[in-house]
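The values are calculated or read from the model by the stated rules, or taken from the named source; none is laboratory data. Worth saying up front: this structure is predicted, and the values here are computed from it rather than measured. A quick note on method: Cβ atoms are made from the backbone with ideal geometry, for glycine too, and the neighbour counts reach across all protein chains shown.
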Amino acid sequence: MKNYLSLIEKTNYYFFRLFVFSATFATELFRACALAWLILWFLEGRWLKKSNFKCDKLTIPFLLFAGLWLYQLISMLWATNTMAVSGALERNIYFIVFLLPVFWGVNKNYKLHTIANTLIISGLVTSLIYFFTVFYITNLDYFFSEVKNVEDSKALLFPWTQYADFSSSFKHRLTHCTLLIMSIVFTAYMFKPWCKRYGKSLSILFTIINCSVSLFTIYLTGSRASLIAIPVLLILFLLYHFKKQRIFIWSAAAIIAIISVIVITNHPRMNNLDFNAISNVEQESFSQDNSTEPRLHIWRIALSNTDAYLPFGLGAGNARYFLTEQYIINNAPNPYIQHKAHAHNQYLETTMDLGIPGLILLIACLLSIYLVAKPKTKEYASYFIILIMLNLLTESMLNMSEGILIINLMMFILLMMNWAETKEIEQQQLLNTVEK
């Protein structure tokens, strides 16, 4: 029996690492690994022992998200399309399932530093795989030509412009960039442990390589929310670590802001924006290469019909069908109607689905992560919250099982940080008691 438990515990831990590693890969693989880990966690039987049950303050965000799921269930009472509610409940079921490992914890094999390293390596590996895959696809003619000469090799195309479209077929650009930014955050978290183990020189070298590759990939991928989030998080990092050096902070913040404005305004995905076309929803103004302009059209249509869904919403998952009806009424281009384009703004979509109470609950879920975290964990919780809150401005992450899994995974890693900090505080208190 002991050998069986030991095997299950180790397998459970390795599958969690596989779950973390798969986060930056295709959605199907990510979901499969999440399901495999949850099944193995269940088979371990931690939930059978009362002694394993623990209630940390950072479980509150999980309970609030579970409350959001219950409110979605209740919204079936007034929803016009109950099937849409069922779909939303199915996507968000992870908020309920994750409560089990949240309250009954994980076994002793789980090592926070190894898990953080796993996410960092995953981001680095997928960045390189996606880049070279796109490079190969964009140069098929060269690779398959029978005769190759020097002039042909000089003509090899680097996927500067094609990368954003091609990479999105592997992984949604926003979710991939979100994970890459979190890998940079965990690089900062792991820097001191790396210095102790590998020395300062190697740690600095790897930090530079990882951050450079991640930032370059984010730039190529072209997620605007991520491009805006990076300077914000960098300034926040300076505030955390250089509090007393105000002149340095202000100077660095000004330089970061100037560079960021130059980079963002000159990015290829910003050049095609036509804000003057917002009042016209015409076939000619719609462009598959320009995803911001469609968002502006969608937001205008949604905000001009607030009477239809305030104050209590249309019911979970119903916003998309309501918008489709509005697209038809407003003579929107066919792509809007065919794809049933959602709001591309989680705050707006939640308001349309669940009304003002739902919006308040969503914001409470996110802010609570920071409010209940312990002092050291607060820093990393703040990075995650700001990143997600910015993401939700341009994407309905709760409409994607991938987005829901990422939120749950990151919250769970933050919870593990909280557990580690709690253990550290308890050990310090015990040491102080012994010394007295």
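Quick notes on this structure:
- Search result, residues across segment 324-353 that are under 22 Å from the mean Cα position of the chain (by Cα) and either assigned to a helix (DSSP H, G or I) or at pLDDT 95 or above (or both): Gln346, Tyr347, Leu348, Glu349, Thr350, Thr351, Asp353
- If the condition is being part of a helix (DSSP H, G or I), over 22 Å from Ser223 (Cα atoms) and either among the hydrophobic types (A, V, I, L, M, F, W, C) or at pLDDT 80 or above (or both), then segment 278-315 contributes Ile301, Ala302, Leu303, Thr306, Asp307, Ala308.
- Per-region count, segment 55-72, residues surrounded by 16 or more Cβ atoms within 10 Å (Cβ to Cβ) and farther than 19 Å from Ile363 by Cα: 1
- Single residue of Trp47, Trp37, Trp41 found to be under 14 Å from Val102 (Cβ atoms), of a type in the set (Phe, Trp, Tyr) and modelled with pLDDT under 90: Trp47
- Meets criteria (more than 30 Å from Pro294 (Cβ to Cβ), among the hydroxyl-bearing types (Ser, Thr, Tyr), assigned to a helix (DSSP H, G or I) and in contact (Cβ under 8 Å) with a residue 60 or more places away in the chain) for Thr422: yes
- Enumeration of residues in segment 328-360 that are surrounded by fewer than 18 Cβ atoms within 10 Å (Cβ to Cβ) and under 27 Å from Ile413 (Cβ atoms): Tyr347, Ile360
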